[in-house]
Amino acid sequence: MTEAILTLESVTKSFAGVHALTHGALELRAGEVTALIGENGAGKSTLVKILTGVYRPDGGTIRLRGQPVAVTSAAHARSLGITAIHQEAVVFDDLTVAENIFIEDRPRTRLGAVDWALMATRSRAILKELESDLDPTTPMRQLSVAQKHLVQIARALSVDARVVIMDEPTAALSHREIEDLLAIVRRLRAEGRAILFISHKFDEIEAIADSYAVFRDGAAVGAGRLAQTSRDELVALMVGRPVGQVFPKTEAKIGPPVLEAQGLTRLPEFEGIDFTLRRGEILGIYGLVGSGRSEMARAIFGVSQLGAGHLLLDGQAVRFAHPGQAIKAGIAYVPEDRQSQGAVLTLPIFQNVTLARLGHYAKAGFLSGRKERKTASILAQAMQLKAASLDQNVEELSGGNQQKVVIAKWLATDPKVLILDEPTKGIDVGSKAAVHRFMGALVRQGLAILMISSELPEVMGMADRILVMRRGRSVGLFERATATPETIIRAATDA
Amino acid sequence: MSLSIEQLAADVRADREVHSARKRPFMRWEWLLLLVVLATFGLNSWASPYFLDPYTLSDLTYNFTEKAIVALPMALLIIAREIDISVAGIMALASVAMGMTAAAGYGLPAIVAMGVLAGLLCGALNGALVTLFKVPAIVATIGTMSLYRGIAYAVLGDKVLKAYPPDFAYFGQGYAFSLVSFELVLFLALALVSGIVLHFTVVGRRIVAIGSNPTAALFSGIRVERYRFWLFTLTGGAAGLASVLLTSRLGSTRPSIAVGWELDIITITILGGVSILGGKGSIVGVVLAALLMGLVTFGLGLLNVPGIVMSIVVGGLLIGVIALPILFRQMRAARRGT
Amino acid sequence: ADKPVKLGLVAKSLGNGFFDAANKGANEAAKELGGVEIIYTGPTTTTAEGQIEVLNALIAQRVDAIAISANDPDAVAPTLKKAQARGIKVMSFDSGVAEDARTVHLAPSSDALIGEACLNLISDAIGGSGKIAILSATPTSTNQNVWIGVMKKDLAEDRFKGLDLVTIAYGDDLADKSYRETQALLKQHPDIQGIISPTTIGIVAGAKAIEDQGLSGKVWITGLGLPSELEGHVKSGTVKSFAIWNPIDLGYSTAQIAVQMVRTPDAVGPGKTVKVGRVGEIAFDDKGLGAMAKPFTYDKSNVEEFAKIF
Amino acid sequence: MRLHKIDRDVGLFVITLLLLGGVALKFPDFITPRSLADLLDDTAILVLLALGQMLVLLTRAVDLSVAANLALTGMLVALLNQAHPGWGVLPVVILSPLIGALLGAFNGVLVWKLKIPSIVVTLGTLSVYRGAVYVASGGAWVNSNQMSESFLGFIRTQMLGLTVLSWLAVVGVILFALALRLSVTGRNFYAAGGNPGAATYAGIDVGWMQFLAFTASGAIAGLAGYLWVSRFAVAYTDVAQGFELQVIAACVIGGVSISGGVGTVAGVVLGALFLGIIKNALPLVGVSPFWQMAISGLVITIAVILNARGDHSSPRRILEEARP
Ligand SMILES: Nc1ncnc2c1ncn2[C@@H]1O[C@H](COP(=O)(O)OP(=O)(O)OP(=O)(O)O)[C@@H](O)[C@H]1O
Ligand SMILES: Nc1ncnc2c1ncn2[C@@H]1O[C@H](COP(=O)(O)OP(=O)(O)OP(=O)(O)O)[C@@H](O)[C@H]1O
Ligand SMILES: [Mg+2]
Ligand SMILES: [Mg+2]
């Protein structure tokens, strides 16, 4: 085993009373991928931000090749050879691809001016290494989510970093893109870099990591070689208690059709989508990122307008001019981006929960805080929300707990049809199981669920039937019993 | 079928308790403002022997009531992440509309209705620019600011409109009871209504949600654009109403009426603790800030301090009242940190 | 008089040399009379709303008299009436207010005299005949418009038949706009020979624009302005001569009259003739209007001397 | 898909040419070289101020205090010149940007260190600086005869057919274009405002960039103070009152996004020229003075509507403050 390049010893960090990290400890070795796992809010991203100089730790020691260092800024981190792909997308939409790649250190001419030509050449070279033929002069805004991700990886590679940190790099990627990413990680490892890989997906971790570290409630609770442990053991370490089955699909009584789509079209985003969603059913929608699933969901929900096609709710033709009508009709939509579309971060939890159905908590327009809190409290308990109080602002919660608040908001609207867009994106196993159990409970109560997911195991595990979309068209409807991962991926990718 | 949340909760086995202790938000800003208001009051009484006089105190209110009436919907607008810089221009145009109505021989109700209506229409145009044409509010209303006042100039030129019926004087010069002006009573009533709407009703909560996260608000079924439109219209209407009061107080209309008021109105709103970033603010704060502006300007006026020097004080107050708490917090944090 | 008489002297706006000079005159009168306190004040910008705030502050201080040069004759009237109702004597000077809101108005000169003076000056500058233009303040300023009206009427008379008024521009009393308007005037009418600007900012900015266009000596500007502000332009030859009444005397007379209104209320009013110290006597007509002398003309010979004073 | 920035500048260029042509139809002398030189001279100050404002807008802030800064610095250097006419113009040319930079830096520090929204800070300093002009001068004017010959003459000196004032604007434009394209700091303005959170992760201190932008904008406002006072040969308290809104309008017409990260030097120059042409043409084409304000208001509103259509990328708001 080689020497550790980077060592963390009892690093602590708190935010206005929230102890994000109480005992952060970690060892990274050259030529190794270390997986960092832990529930939502365990302090993983906080650790990343400390290592990259975004936050200053309150206490503890960081050693680089044995020498204690204090990382003072992102630029300093880079000069120390530490680079990171952060959990949030950190791209500049109004700059070009090349400038995004070299944002931290633009190549210069002898006179000190930014050397645009050299920047483009070097970008092209790095992108080529990543097997991409993106034009470096394209404005970033025109890129797809996956392409943006690629640029971020290229940025990490543009500096000769010895330590590469990836904070949930696969959360927004499709199956195929994940494979590509893992190949890159392997290559980085082969070049002798130390890699910290944060993910909630065990398949990936098992495929790529050499060692692991587990965080729970801000403290390191275990570390070791991946080969010497098991998934169950890791999960037990993460949650501090045994977890049941991850996809507890329970059979619910399937009833009559609730929502029927006939030839839904909104060009150029999607075209001619048909499906029938029945009471008590979970209909999974699988596809690559950018295949138009979210656009379709948003059009159903009235955020955007359908170009053509019919939507039947309980047999009645409906068309929603805005989300308010959809909500009234009994449709709920948990959007894919919880930070910008889901939660109102600066409002308290209970106000978030009641937001989509405020009228229900009001008499003659006057709100009843008691009523609001009662509903919020029940849902929070049901969702196993981790929060100090219902009056806490949502921004103070970890990503996973924010997502729970958003789901709670939609359950509070008393829907007939629930559309979930990437419901467990970036959620830890414990919460994930909770969400999945919840889905089971909901369909048993007669709800119909339309579940958009890029995570194949989730779709396979939870859905009764699976609709696969590719480039805005539906390319197949699979029954749970007959579907295999291979057939679905083939349909989605045209491989 | 209705979803039973209780049943759901039982179904999924709850194992973590989330307590719902009411964390009463300490209204720091309002307390701070109140303190400054009281201090200014004390300072005024100490510095000028004429201050503590019922007539003075009554006259003092005229320094802020009209601006404050516009500051109320402006607060709602800014809380919803928008802003209206054209309010003073609207006042000018509304005043011209009233003057022309009066000149045409219509009676009091028609004149007042015309003023408010003109304000509503201007506000609606602002709202349309922002919601239909997607022009950022600050930009759109910089444009309409000179448009509205420009129209007032174009229509009126060098003329003056003053054919107002005698009763019209009541709005800006009348007293509701003894020395309490009609303007003050109207402002307080409107403040009460705005406060209740903002802090206790569905509409208010939605405005706050829109200002905090417009996209999430939209996804939650709130008609974001519609709210924005009506808030602009409301602000225009309030500007029209303020124009009724001001025109009545001046007894005449000229196109230069209320020139430069937009900055005073926005200053009152911000001083009142309304966050320019949206999503935060209280009506109590706005009322206190209006009172503070009145006290400061009148108090300095009593000492015959030139108005332009007053503006140093008001500008300094705006920065100081916002900066000092931040500074203290930073210093405390720094001391704790080392 | 045992208690000092407090007189509020309200300018159109502070930071204006004309009113500063008037204040100087008022203080001279106060010293002469004894037992008089002058409170010189005014709003930040030339608005009626600003003047009302200032007036309210004066009322609260229980001044004995207010003398105001109004930004708007009607808008300040209600507040002045309130002052009168609380026992304060009110008069206006320079720029008047509605008749029922004051006892008397002291005009620096009569409108007819001012209009005529402007025409005489330009006629003199351009040699009796040629095209001329007027550069005014805002299109809404009352006294400007009255003077322009007088000029238009006089132009029809024989003695000014050589003068051809081609246009009226408005500089809004802003230096940059007045400058730009003058530039436009010169471009639009290349054959123009003279500009009349009966407003201090206009004449200063207009003179600069003429000089910058290299037309100094070819195009003349005149009007109403202060010697201290125009000294340079007279020397550079863009302004041959200009006129202004003496603001010090105006302030002096205003204070004299206002104090008499307080001390001997019956001596001042419409139809009365009032003694005003060193200036002599001023007669008020039955509308309470009184005028001082005709505007005084300044040129190369005397501008330097008066520039030191106002 | 939105218009590419370059296309937008080209569009504005065409519109500006059309405007110029339209005025020339009515008044042919408007496009003589002499008239165009006058136009440039008259617009030079607006161009310079708009460049500074663009820098601030790029970082998701706004500087409402530029006109007040201009007035204060202009008055201070005029007073200096009055007191020491013998010193010539050099100290004024050096001091005015320095004083302006100091005033701008004060805004910058409050935004950077105390994280107060820029609109609040500059609304406050707008009043404070304006009031300080009165305090500094005691309300008195500084008139042309109290200004030294070199103070007045410097910006009027002709070089190659243009005045020094016009050349200053030309040089400013070139410097800005180069700096924003070729210097790392220049590029970082775009990054800081385009995505402040990401900028922080990329090692760009957003607050610092805002501080730099405010200081630069202040320095330009200070220099413009001298230019203004010298050009109009008078300094008084109300100089350039309300001019800040015209500066912002020039930026917005020029395609600078009010929510940061987007804007080109070419666009800003065109935006300023567009306004300049309107201001200069309205009195020429014989529009009634009573209608001038309404027409320029209408034109600004329309220009702004047309330009805002490309700006849908980010959720609209008053000003998206840059907070990492
Ligand atoms: N800026 C902040 N202010 C206040 N609290 C914060 C802040 N950033 C993080 N926290 C808190 O610190 C804790 C750790 O958060 P962190 O983002 O590190 O979790 P994580 O392990 O990355 O979770 P996830 O898997 O959901 O991304 C959480 O409780 C979170 O609420
Ligand atoms: N080629 C492209 N050019 C520009 N934008 C794109 C492109 N492809 C996708 N996008 C944008 O990326 C986002 C993701 O696309 P979309 O929402 O259709 O994906 P999806 O199928 O819902 O996948 P997921 O929800 O898993 O991200 C959309 O906002 C879309 O506009
Ligand atoms: Mg995280
Ligand atoms: Mg999607």
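The values are calculated or read from the model by the stated rules, or taken from the named source; none is laboratory data. It should be emphasised that the depicted structure is a prediction, and the values quoted were computed from it without experimental measurement. Cβ coordinates were reconstructed from backbone atoms using ideal geometry, including for glycine residues, and neighbour counts include every protein chain displayed. Just the protein is used for accessible areas: all its heavy atoms, side chains included, with ligands, DNA and RNA removed. Shrake-Rupley method; radii C 1.70, N 1.55, O 1.52, S 1.80 Å.
How much of the DSSP beta bridge set in region A:256-493 is antiparallel, as a percent to the nearest 5? Please report the intermediate quantities before stating the final value.
Values: 23 of 42 bridges.
Here the antiparallel bridges make up roughly 55 percent for region A:256-493.
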> When chain B is treated as a GNM, springs tying every alpha-carbon pair under 10 Å, which of B:Ile196, B:Ile257, B:Ile326 comes out with the largest mean-square fluctuation?
Replying inline: B:Ile326
> Mind checking the mean number of beta-carbon atoms from other chains within 10 Å of the Cβ atoms in D:115-125?
Replying inline: 6
> To the nearest 10 Å², what's C:His189's accessible area with a 1.4 Å probe?
Replying inline: 40
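Based on DSSP H assignment, which helices of chain D show an axial Cα extent of at least 24 Å together with a mean Kyte-Doolittle hydropathy greater than or equal to -0.5?
On the way: long enough: D:5-26 (32 Å, 1.26); D:33-58 (35 Å, 1.39); D:66-83 (25 Å, 1.48); D:90-113 (34 Å, 1.73); D:118-137 (28 Å, 1.25); D:164-182 (26 Å, 2.41); D:206-232 (38 Å, 1.06); D:265-284 (28 Å, 1.93); D:289-308 (29 Å, 1.63).
Qualifying helices, which must be both long enough and hydrophobic enough, are D:5-26, D:33-58, D:66-83, D:90-113, D:118-137, D:164-182, D:206-232, D:265-284, D:289-308.
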>> Just to be sure I understand: with springs between alpha-carbon atoms less than 10 Å apart, which residue in D:Leu36, D:Leu114, D:Leu275 has the highest mean-square fluctuation in the Gaussian network model of chain D?
In response: D:Leu114
> How much accessible surface area, in Å² rounded to 10, belongs to the heavy atoms of B:Cys122 with a 1.4 Å probe?
Replying inline: 10
> Could you give the distance between the Cα centres of region A:398-475 and region A:351-396, to the whole Å?
Replying inline: 21
> When only the heavy atoms of the protein chains count and the probe is 1.4 Å, how do B:Glu30, A:Glu295 rank by accessible area, highest first?
Replying inline: A:Glu295, B:Glu30
>> Just checking the output field for D:249-259: average partner chain Cβ neighbours within 10 Å of each residue's Cβ?
In response: 2
> For A:Ile285, which sequence-distant residues (separation of 5 or more, or a different chain) have an amide H within less than 5 Å of its own amide H, given hydrogens modelled in the peptide plane?
Replying inline: A:Met451, A:Ile452, A:Ser453, A:Leu467
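When only the heavy atoms of the protein chains count and the probe is 1.4 Å, how do B:Trp46, D:Trp87, A:Trp410, D:Trp112 rank by accessible area, highest first? Don't jump to the answer; show the numbers that get you there.
Details: B:Trp46 205, D:Trp87 145, A:Trp410 0, D:Trp112 50 Å².
So the residues, ranked largest to smallest area, are B:Trp46, D:Trp87, D:Trp112, A:Trp410.
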> Relative to the present Cα-Cα distance, how much length would full extension add between A:Arg186 and A:Ala70 at 0.36 nm per residue of separation?
Replying inline: 38.8 nm
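Rounded to a whole number, what % of the accessible area of the protein assembly as shown do carbon and sulfur atoms account for, probe 1.4 Å?
Values: 31050 of 52120 Å².
That fraction is 60 percent.
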> FRET efficiency for B:Ala163 and C:Arg278, Cβ-Cβ distance as r, R0 = 41 Å, nearest 0.05?
Replying inline: 0.40
> Taking square-rooted eigenvalues a ≥ b ≥ c of the alpha carbon gyration tensor, is region B:200-328 rounded, prolate or oblate, where a/c under 1.5 means rounded and, failing that, a/b exceeding b/c means prolate?
Replying inline: oblate
> Quick one: of the DSSP bridges fully inside the protein assembly as shown, what percent are antiparallel, nearest 5?
Replying inline: 45
>> Let's test the formula: R0 of 35 Å, r as the Cβ-Cβ distance of B:Lys134 and D:Val285. What FRET efficiency results, to the nearest 0.05?
In response: 0.65
>> Per-residue Cβ counts within 10 Å, from other chains only, averaged over B:57-66: what number is that?
In response: 3
> Excluding ligands, DNA and RNA, what is the solvent-accessible area per residue of chain C at a probe of 1.4 Å, expressed in Å²?
Replying inline: 34
> Most mobile of B:Leu218, B:Leu318, B:Leu188 per a Gaussian network model of chain B (Cα springs, under 10 Å)?
Replying inline: B:Leu218
>> Show me the chymotrypsin sites (Phe, Trp or Tyr not before Pro) within region A:44-146 that DSSP assigns to loop and that have at most 13 other Cβ atoms within 10 Å of their Cβ.
In response: none
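Select from region C:144-245 those trypsin sites (Lys or Arg not before Pro) which occupy a DSSP coil region and have at most 16 other Cβ atoms within 10 Å, ordered by residue number.
Values: sites: C:Lys152, C:Lys153, C:Arg159, C:Lys161, C:Lys177, C:Arg180, C:Lys187, C:Lys208, C:Lys218, C:Lys235, C:Lys240; in loops: C:Lys161, C:Lys218, C:Lys240.
Here the trypsin sites (Lys or Arg not before Pro) that fit, given the DSSP loop and packing criteria, are C:Lys161, C:Lys218.
Hull surface divided by four, with the convex hull built on the Cα atoms of the protein assembly as shown: how many nm²? Intermediate values should be presented prior to the final figure.
On the way: hull surface 225.1 nm².
Result: a mean projected hull area of 56.3 nm².
Which pairs in the list C:Lys152/C:Lys235; C:Lys208/D:Lys26; A:Lys44/A:Lys425; C:Lys131/C:Lys208 are over 25 Å apart, alpha-carbon to alpha-carbon?
Values: C:Lys152/C:Lys235 30 Å; C:Lys208/D:Lys26 27 Å; A:Lys44/A:Lys425 16 Å; C:Lys131/C:Lys208 20 Å.
Listed pairs above 25 Å: C:Lys152/C:Lys235; C:Lys208/D:Lys26.
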> Among B:67-73, B:279-285, how do they line up from the highest to the lowest mean number of other beta-carbon atoms within 10 Å?
Replying inline: B:67-73, B:279-285
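Sorting D:Val109, A:Val164 by accessible area (1.4 Å probe), largest first, what list results?
Numbers: D:Val109 60, A:Val164 0 Å².
Largest accessible area first, the residues go D:Val109, A:Val164.
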>> If you average the C-alpha positions of region A:184-240 and of region B:146-199 separately, how far apart do those two centres end up, in angstrom?
In response: 69
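Calculate for chain C the 222 nm mean residue ellipticity that helices alone would give, adding -39,500 (n - 2.57) per DSSP H run of length 4 or more and normalising by residue count, nearest 500 deg cm²/dmol. Let's see the in-between values first.
Values: 10 runs with 128 residues, N = 310.
When only DSSP H runs of four or more count, the value is -13000 deg cm²/dmol.
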> Between the helical axis of B:283-302 and the dominant principal axis of chain B, each derived from Cα atoms, what acute angle in degrees is found, rounded to the nearest 10?
Replying inline: 40
> Heavy-atom accessible area of A:Glu206 with all protein chains present, probe 1.4 Å, nearest 10 Å²?
Replying inline: 90
> Please state the relative contact order of region A:345-395 as a whole percent: Cα pairs under 8 Å, 6+ residues apart?
Replying inline: 59
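For n ≥ 4 DSSP H runs only, could you compute -39500 (n - 2.57) per run for chain D, divide by its residues and tell me the 222 nm figure to the nearest 500? Show your work: numbers first, answer last.
Numbers: 13 runs with 229 residues, N = 324.
Roughly -24000 deg cm²/dmol at 222 nm, from the helical runs in chain D.
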> Out of residues 5 or more away from A:Ala84 or on other chains, whose amide H comes under 5 Å of its own, with H placed 1.01 Å from N in the peptide plane?
Replying inline: A:Ile165
> Gap in Å between the Cα centre of region D:195-220 and the Cα centre of region D:9-26?
Replying inline: 35
> Once amide H atoms are built 1.01 Å from N in the peptide plane, which residues 5 or more positions from A:Ala35, or in another chain, come under 5 Å H to H?
Replying inline: A:Phe197, A:Asp210, A:Ser211, A:Tyr212, A:Ala213
> For a label point 7 angstrom out from the Cα of A:Lys328 toward its Cβ, which stretches of region A:401-421 have the backbone nitrogen within less than 20 Å?
Replying inline: A:410-419
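Using a 10 Å cut-off on Cβ atoms, rank the peptides D:97-107, A:217-227 from the highest mean neighbour count down.
Values: D:97-107: 23.4, A:217-227: 16.6.
Top of the packing list down: D:97-107, A:217-227.
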